[in-house]
Amino acid sequence: MPKSYYLFIVFLFAAFIARAQKPVEAKGYPVIISRDTLFTFYTGQGLFQPAERAEVVTKRIEALVNRIDFNPDSLTLKNDTTVSVISYNSQIILAVNNKDATFTELNRPQLAASYLAILKKKLGNYFSDSSTKQIVINILEAVAVVILLIALIWTLNKGSRWLKLKTLKAWENRMDKLAAQGAPVAYAKRLLPLVTGLLRIGRFILIILLVYLALPVLFFIFPSSKPIAVQLLSYIVNPFKSILLAIVHYIPNLLTIAVIYIVTRYIVKLVKFIASEIAQGAITINGFYPEWAMPTYNIIRVLLFAFMFVVIFPYLPGSDSKVFQGVTVFLGILFSLGSSSAISNMVSGIVLTYMRPYKIGDRIKVGDVMGDVVEKNLLVTRLRTIKNEDITIPNATILSGHTTNYSTVAKTMGLILNTTITIGYDVPWQTVHNLLISAAEATEGILLTDHKPFVLQTGLNDFNVAYQLNAYTELSNQMAVIYSRLHQNIQDKFNEAGVEIMSPNYFALRDGNHIQIPDGYVPEGYSKPGFKVEK
């Protein structure tokens with residue numbers, strides 16, 4: 001066989017032996033002095049296991065540093081054939097064997113030399129930091145930090161008092177101006193304790209922040225407490241670092257959200273422009289009324305923004321977390337359970353929009369309520385009665401009942417106002433017709449050109465005839481006033497003609513009674529008839 005083949009076999013065998021000698025996942029036991037890890041043991045030494053070995057070496061080093069005459073330069077290293085020993089004078093501190101070297105990239109003498117260098121550096125720094133001079137310097141630095149902290153707190157208190165006085169003075173001047181203008185100042189007085197309370201809370205938070213920032217400085221002065229300083233700073237630095245990193249990592253999603261929002265925004269603007277043109281009559285679509293334009297735009301806008309939110313949702317921070325999803329489901333359940341009537345009114349509002357039963361300004365009657373439409377939205381419709389009463393009616397109620405609109409054809413065909421009176425059989429019907437029509441023609445607001453008033457005889461009762469006057473008007477919002485004028489003119493016309501408008505019950509007692517018209521319309525020489533009793 002070729003020589004290279006034997007060399008390959010030898011190499012594989014050596015690698016296998018080396019791998020068998022080195023533990024794959026050995027547990028290390030550190031040697032810690034003053035919260036500082038010097039090195040770690042993975043194997044035992046002699047009769048000691050790794051944990052016991054680390055404990056013994058730690059105690060030896062602690063005893064060494066407690067010596068007053070300790071000099072790091074007295075640490076020596078001696079390499080034998082199987083072990084390397086680090087000692088102080090004649091006292092053995094630790095030994096390094098060949099197994100320790102298998103856990104590093106160094107051989108045994110190099111590993112022992114690195115341990116010696118670590119001991120000299122760390123223990124030398126320890127004694128340097130623990131010297132009397134250094135302790136005095138550290139104490140003076142700590143006192144300076146405390147004095148500076150007290151000075152900052154004192155300055156903050158002074159500044160807070162100055163700001164409070166300025167605020168109170170400005171507040172008093174403001175209240176004096178309000179009082180001079182006749183405005184109520186009770187509300188401003190109630191807000192003053194809130195403002196001063198906020199200033200007090202802000203001062204308290206700043207003091208806590210100053211104390212918290214001073215503690216890491218104090219702990220960092222003394223070597224033994226440096227880990228505490230680092231930990232305290234991490235409580236502030238780590239959250240800000242996490243927030244900044246989250247913001248940086250979120251920038252691509254933020255750009256995606258911005259693009260989606262901008263595109264949706266411009267689509268909404270385009271739809272609004274088209275709806276405005278349709279509402280103004282610039283664009284006409286067969287079967288699509290102009291008053292449908294803006295409600296349709298509002299519906300499309302809501303749908304577009306809802307679709308935008310659905311698209312953006314996966315890009316929101318925390319959208320894939322269980323908490324976010326649970327809160328979303330909970331809010332959805334609350335909305336579905338608590339808004340059934342609202343959804344019903346919204347659907348009714350949409351249906352009413354496209355049914356076109358009324359528009360803003362129309363005089364309508366819903367049930368027993370009559371008034372002008374002053375507002376209509378997806379939920380309710382508001383009517384204002386002739387008594388200036390604003391009545392809110394849910395759209396579901398309007399859709400479930402009947403609605404009377406008095407303004408729909410008032411401008412084109414005219415709204416017919418009608419009133420009924422009863423006159424006795426002794427008065428010719430032609431006379432009654434003429435009097436009623438003349439009363440309508442004398443009424444302001446009644447149409448007389450294309451739409452003439454007319455009279456219908458609606459009933460021949462036991463004691464009288466029912467006459468119904470019908471007159472056209474285009475002023476549907478003035479129905480009450482026009483009815484009042486019409487009734488006044490009917491009274492005047494019938495009184496001028498000497499025709500009584502009264503119940504037939506009086507007709508039965510005509511003998512001996514005065515005629516039932518105002519005195520100004522009574523003919524001259526009229527005398528009340530006496531009772532006539534005939535046998």
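The values are calculated or read from the model by the stated rules, or taken from the named source; none is laboratory data. Just so it is clear, the model here is predicted, and its values are computed rather than measured. Reconstructed Cβ throughout: ideal geometry from the backbone, glycine too, with neighbour counts over all protein chains shown.
Cβ separations smaller than 7 Å between residues 6+ apart or across chains give the following pairs from the stretch 234-253 residues that are closer than 16 Å to Y315 by Cβ and modelled with pLDDT of 80 or more to residues that are surrounded by 10 or more Cβ atoms within 10 Å (Cβ to Cβ) and not aromatic (F, W, Y): Y250/P317.
Taking only the stretch 270-321 into account, find how many residues are within 30 Å of I247 (Cβ to Cβ) and assigned to a helix (DSSP H, G or I). Within the stretch 270-321, residues that are within 30 Å of I247 (Cβ to Cβ) and assigned to a helix (DSSP H, G or I) number 12.
Annotation: of all residues in the stretch 266-296 being touching a Leu at 6+ places or on another chain (Cβ under 9 Å) and among the β-branched types (V, I, T), the one that is nearest to R356 (Cα to Cα) is V271.
When T431, T392 are screened for being under 24 Å from R485 (Cβ atoms) and at pLDDT 90 or above, only T431 passes.
With the requirement that a residue be touching a residue at least 24 places away in the same chain (Cβ under 8 Å), farther than 23 Å from W429 by Cβ and small (G, A, S), what does the stretch 444-490 give you? If the condition is that a residue be touching a residue at least 24 places away in the same chain (Cβ under 8 Å), farther than 23 Å from W429 by Cβ and small (G, A, S), then G445, S476, A480 are the ones that fit. When we screen V323, V311 for residues that are at pLDDT 80 or above and either in contact with a helix residue (DSSP H, G or I) (Cβ under 9 Å, 6 or more places away or on another chain) or more than 30 Å from A396 (Cβ to Cβ) (or both), the only hit is V311. Scan the stretch 337-381 residue by residue and report those that are small (G, A, S) and free of Cβ contacts under 8 Å to residues at least 12 places away in the same chain. Those that are small (G, A, S) and free of Cβ contacts under 8 Å to residues at least 12 places away in the same chain: G338, S339, S340. For the stretch 381-465, the strands (runs of 3 or more DSSP E) that sit wholly inside it and include 1 or more residues that are surrounded by 13 or more Cβ atoms within 10 Å (Cβ to Cβ) and either in contact with an Asp or Glu (Cβ under 8 Å, 6 or more places away or on another chain) or of a type in the set (K, R) (or both) are 403-405, 415-423.
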